[in-house]
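Read the structure below first, then the notes.
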């Protein structure tokens, strides 16, 4: 039987892409960043993103970095040029050292096919959001 427990939220922070953003980078580059000053508590981090790749069979890869440590990642694939797809990350850190924490969401296109990944929030489909909760257990 799963173990359930209630966490208390200390504070939250949120960032999102609001204008059209693109990358042709084959290595990770920052997409969204947040800085949050925490106690010695864990963070619950939620990422949701959707983009289009200009290359048929192109990939988009993303990674979450918490205070300099690569913590989690996602990748998604477009079967045809301009076709969008989605990725998400849900991550809970161990308790962190109290102080300033830099949370970075990075992305890039897959090296094999390349292309250009684009997030166009105004189309009502593409998005990128980063939501962080400092919690206690």
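Rule-based calculations on the coordinates, nothing more; no lab input. Quantities reported herein were computed from a predicted structural model and do not represent experimental measurements. Methodologically, a virtual Cβ is constructed for each residue, glycine included, from the backbone with ideal geometry; neighbour enumeration extends over all protein chains shown.
For the range 93-105, the criterion of being free of Cβ contacts under 8 Å to residues at least 60 places away in the same chain and surrounded by 15 or more Cβ atoms within 10 Å (Cβ to Cβ) is satisfied by at least one residue. Please verify whether the range 68-90 includes one or more residues that are touching a strand residue (DSSP E or B) at 6+ places or on another chain (Cβ under 6 Å), under 18 Å from residue 19 (Cβ atoms) and in contact (Cβ under 8 Å) with a residue 24 or more places away in the chain. Yes: one or more hits.
Checked against (1) in contact (Cβ under 8 Å) with a residue 40 or more places away in the chain; (2) touching a strand residue (DSSP E or B) at 6+ places or on another chain (Cβ under 6 Å); (3) more than 30 Å from residue 7 (Cβ to Cβ); (4) crowded, with 16+ Cβ neighbours inside 10 Å, residue 54 meets all criteria but (2).
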